[in-house]
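To keep things clear, I will list the structure first and then write my remarks on it.
The values are calculated or read from the model by the stated rules, or taken from the named source; none is laboratory data. Just so it is clear, the structure is predicted and the values come from calculations on it, not from any experiment. As a convention, Cβ positions derive from the backbone with ideal geometry for all residues, glycine included, and neighbour counts pool all protein chains shown.
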Amino acid sequence: MRIAVLADIHGNVLALDAVLDDLKRRGGADITVNLGDCVSGPLWPRETMDRLRALGLPTVRGNHDRRVAQDPADDTMWPSDRYAKERLTSAQRQALLDLPLTLEIAPGIVAFHSRPDHDEKYLADAIVDGQLVRAPLAAIRRRLKPLDPGCRLVLCGHSHRNELIRIPDGPVIFNPGSVGCPAYDDDTPPAHVSEQGSPHARYGIVELRDGHPGRFEAIVVDYDHEAAAKQAEQAGRPEWAHALRTGFMRIERSSYPD
C-alpha cells in the first residue's frame with residue numbers, strides 16, 4: 001500500500017496543484033490523505049476548497065479549519081481565518097466543521113492534524129527561544145497516550161515541519177511538512193515561528209510492507225511561489241508574501257548565539 005500524505009495547504013492552490021502533478025509523475029498512490037488546515041490564508045481559499053471537493057480525499061480537521069468555520073465571526077478571529085471565511089460559501093464552511101478530528105486510514109494507521117485529542121497543540125514539538133524544536137521523547141509519549149496501543153503509524157501536520165520519529169516500542173510519527181505555507185509566526189504565548197527555510201511545497205509518501213511502514217519519502221516540489229507571494233501582497237499581507245518567497249519570517253524570535 002502506498003499512501004501520499006498532504007498537510008497544511010492553507011489555500012495555496014498553486015502549491016497543491018504542483019504537489020498533485022508531482023505525485024502523478026511518481027506513479028500516484030493507493031490513497032492520498034489530507035491532514036487539515038485546508039484554506040486559511042490570504043491566497044485562494046475558495047478555489048482550494050473546490051479542488052479538494054473534486055478530489056474527495058480522506059481529510060481530518062485542522063485548527064484553522066475549525067476557526068474558519070467559526071460562526072459568528074468576531075474581533076478575535078485571526079486575519080487569515082477571516083479572509084478565508086469571507087470567501088467561502090456557508091456549505092464550504094460547514095464541510096470544514098464536519099471534518100473528523102482523527103481517521104483510521106488502515107488498521108494501525110491513524111491520521112490527525114495536531115494531536116489525537118486536540119487540533120491545536122503540538123505533538124512532536126516544543127517551543128524554545130521562540131522557535132519550534134523537537135520535543136523530549138517523554139513528552140511525545142504522553143501526548144500519544146489517547147491512541148490505541150496497536151497503532152503503528154501516525155500521520156500528522158500542524159507544525160509545518162517535516163519529521164520522522166520512531167518511538168521505541170511505539171508508533172512511527174510522520175509529518176510531511178506544509179504544502180502551501182513554508183513559514184509562519186504565531187503570537188499565541190509563548191510566541192514562536194516555524195520556518196522551513198525555502199519556499200518549496202512539501203508532501204510525503206509512505207509505503208507499507210505487510211501492513212507496516214517500510215519506506216518514507218519527504219518530497220520537496222518547486223512551484224510558482226512568486227505568484228502566491230503577489231497574491232498575498234494584494235491581500236495586504238506582506239509578511240505572508242515574505243514567507244512564501246523565502247521560507248523564513250521577517251521577525252526573528254530566537255536568541256541563539258552566532
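Of the residues that make up region 198-208, is at least one closer than 21 Å to Y83 by Cβ, among the hydrophobic types (A, V, I, L, M, F, W, C) and either at pLDDT 95 or above or not in a loop (DSSP other than H, G, I, E, B) (or both)?
The answer is yes; a qualifying residue exists.
Does region 114-128 hold any residues that are in contact (Cβ under 8 Å) with a residue 24 or more places away in the chain, under 17 Å from the mean Cα position of the chain (by Cα) and in a strand (DSSP E or B), and which are they?
Within region 114-128, R115, D125 qualify.
Among the numbered conditions (1) crowded, with 18+ Cβ neighbours inside 10 Å; (2) more than 19 Å from G36 (Cβ to Cβ); (3) small (G, A, S), tell me where G170 comes up short.
The one condition G170 does not meet is (1).
For a quick check of your reading of the model, give me the residue pairs whose first member lies in region 16-45 and is under 17 Å from N63 (Cβ atoms), whose second is assigned to a loop (DSSP other than H, G, I, E, B) and at pLDDT below 95, with beta-carbon atoms closer than 8 Å and at least 6 apart or on different chains.
S40/W78
Can you tell me which residues in region 129-186 are part of a strand (DSSP E or B) and acidic (D, E)?
E163, D185, D186
Is it the case, given these coordinates, that E239 is assigned to a helix (DSSP H, G or I) and free of Cβ contacts under 8 Å to residues at least 40 places away in the same chain?
no
Given (1) more than 24 Å from D224 (Cα to Cα); (2) touching a strand residue (DSSP E or B) at 6+ places or on another chain (Cβ under 9 Å); (3) surrounded by fewer than 21 Cβ atoms within 10 Å (Cβ to Cβ); (4) not aromatic (F, W, Y), where does L55 come up short, assuming only one miss?
Only one criterion in (1) more than 24 Å from D224 (Cα to Cα); (2) touching a strand residue (DSSP E or B) at 6+ places or on another chain (Cβ under 9 Å); (3) surrounded by fewer than 21 Cβ atoms within 10 Å (Cβ to Cβ); (4) not aromatic (F, W, Y) is unmet by L55, namely (1).
Taking region 78-117 as the region of interest, how many residues are aromatic (F, W, Y), farther than 17 Å from V60 by Cα and modelled with pLDDT of 95 or more?
Here the count works out to 1.
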